[in-house]
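Structure, as structure tokens:
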Amino acid sequence: MPKSETLLVTGGTGSFGRTIIKNLINNKKYKKIIALSRDEKKQDDMRHSFQSEKIHFKIGDVRDFTLMNSVMRGVDVVFHAAALKQVPSGEFNPYEAVKTNILGTQNVIESCIGNDVRKLIVLSTDKAVMPVNAMGISKAMAEKLALCPGLQSHNTTICCTRYGNVLASRGSVIPLFIEQILNKKEVTITNGAMTRFVMSLQDSVMLVEHAIEHGNSGDLFVKKTCAVEIFTLFSALKEILGVNCSVKVIGSRHGEKLHETLVSEEEMSRTIDVGDFFKIVSNKKSITYSGYVSSDTLLPQSAQSYSSDSVSRLNEKETIKLLLNNSEVVACLESFNH
């Protein structure tokens, strides 16, 4: 049996961090799980909630290289989930996104390589594809740092995962809609025709676990998922709550797209369909363009981008079913009802 390993999760008290740690806490593969974050209140809440000596909490910021280099000692696997994720706040504070999402990611990468961490998974977002906002641009650069061809000769395997909106996660529109509907306020919708990829926290965990098992340096993984129009999402929540309310269209917020893309048209030429996932392989050509990428298993060069306006879109009935089968959404509904 392989030796038990130490796992570090940056952003360990966030929505993804809590879920992945909950999933892996009883996994004998990991003898120790380190949750790194800046929020001591969330760490204290999580400590009381989990009551496990296997979890070790570390206050710290990925912007601090000295701390990151210290905390990586003895770590075998890293999930890098720490990030500034809110699009509007990134538009008004772009350098903060640079410091966390770009410089912080570089600190994680360098400290992993310097301490011979076996595997690093960097979590990214659909907003990194053809980015139009500071958050997306900073996450696109984080991907470039992680997938840099020069890193592929090191002992540390580095790959990325990219996913869309996680239902009822921090900053999700769902809690806002529920609060507005239950209090019979005008529900503020940016653009009803806007579409978004939707997935559960368990889907994001499944994606990362797939990357751990199958990822090589330079690989980027995307989980196939469905999309929903914002107005359909609102209608489904209104039906679930049984409350009539009016809608106020306020227009797109700073940096918002009408539709999101998980795999660009250019990336499709080096993408492999692996069942529930897409695997975007790194370009093996050198800087002098010697070498090549085998195309016999790749998707056709003419394949269109994988975007929220081109995939299957849920209707209201399907959206209601999705929401009621999602534990985070159900918990959110119950918290407001109490």
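If you go through the range 90-97 one residue at a time, do you hit one that is in contact with a helix residue (DSSP H, G or I) (Cβ under 6 Å, 6 or more places away or on another chain) and closer than 21 Å to VAL208 by Cα?
First pass over the range 90-97, keeping only residues in contact with a helix residue (DSSP H, G or I) (Cβ under 6 Å, 6 or more places away or on another chain): 90-91, 94, 97.
Still in the list and also closer than 21 Å to VAL208 by Cα: none.
No, the range 90-97 contains no residue that is in contact with a helix residue (DSSP H, G or I) (Cβ under 6 Å, 6 or more places away or on another chain) and closer than 21 Å to VAL208 by Cα.
From the list ASN155, ASN133, which residue is at pLDDT 90 or above, polar (S, T, N, Q) and within 30 Å of VAL247 (Cα to Cα)? Reasoning before the result, please.
Working: ASN155 fails: within 30 Å of VAL247 (Cα to Cα).
One residue alone meets the criteria, ASN133.
In the range 36-70, which residues are among the small types (Gly, Ala, Ser), without any contact (Cβ under 8 Å) to a residue 40 or more places away in the chain and under 22 Å from ASN115 (Cα atoms)?
If the condition is that a residue be among the small types (Gly, Ala, Ser), without any contact (Cβ under 8 Å) to a residue 40 or more places away in the chain and under 22 Å from ASN115 (Cα atoms), then GLY60, SER70 are the ones that fit.
If you check ASP219, ASP203, which single one turns out to be modelled with pLDDT under 95, crowded, with 18+ Cβ neighbours inside 10 Å and farther than 24 Å from VAL132 by Cβ?
It is ASP203.
The conditions are (1) in a helix (DSSP H, G or I); (2) at pLDDT below 95, and SER138 fails exactly one of them. Which is it?
(2)
For the subset of the range 322-338 comprising residues that are of a type outside the set (S, T, N, Q), within 23 Å of the chain's Cα centre (by Cα) and surrounded by fewer than 17 Cβ atoms within 10 Å (Cβ to Cβ), which member is modelled with the highest pLDDT?
LEU324
Across the range 6-46, which residue is farthest from LEU84 (Cα to Cα) among those that are among the β-branched types (Val, Ile, Thr) and assigned to a strand (DSSP E or B)?
Among those that are among the β-branched types (Val, Ile, Thr) and assigned to a strand (DSSP E or B), it is THR6.
Just to check your reading of the model, which residue among ASN101, ASN115 is closer than 28 Å to VAL198 by Cβ and either out of contact with any Asp or Glu (no Cβ under 9 Å at 6 or more places or on another chain) or among the aliphatic types (A, V, I, L, M) (or both)?
Values: ASN115 fails: closer than 28 Å to VAL198 by Cβ.
ASN101 is the lone residue from the list that is closer than 28 Å to VAL198 by Cβ and either out of contact with any Asp or Glu (no Cβ under 9 Å at 6 or more places or on another chain) or among the aliphatic types (A, V, I, L, M) (or both).
With the range 222-298 as the region, which strands (runs of 3 or more DSSP E) entirely inside it contain at least 1 residues that are more than 18 Å from ASP126 (Cα to Cα) and either of a type outside the set (Phe, Trp, Tyr) or modelled with pLDDT under 95 (or both)?
By residue number, 247-249, 271-274.
Can you say whether SER89 is buried (at least 19 other Cβ atoms within 10 Å of the Cβ) and within 18 Å of GLY14 (Cβ to Cβ), as far as the supplied structure shows?
In short, no.
The values are calculated or read from the model by the stated rules, or taken from the named source; none is laboratory data. These figures come from a predicted structure and were not determined experimentally. Cβ: placed from backbone, ideal geometry, glycine included. Neighbour counts: every protein chain shown.
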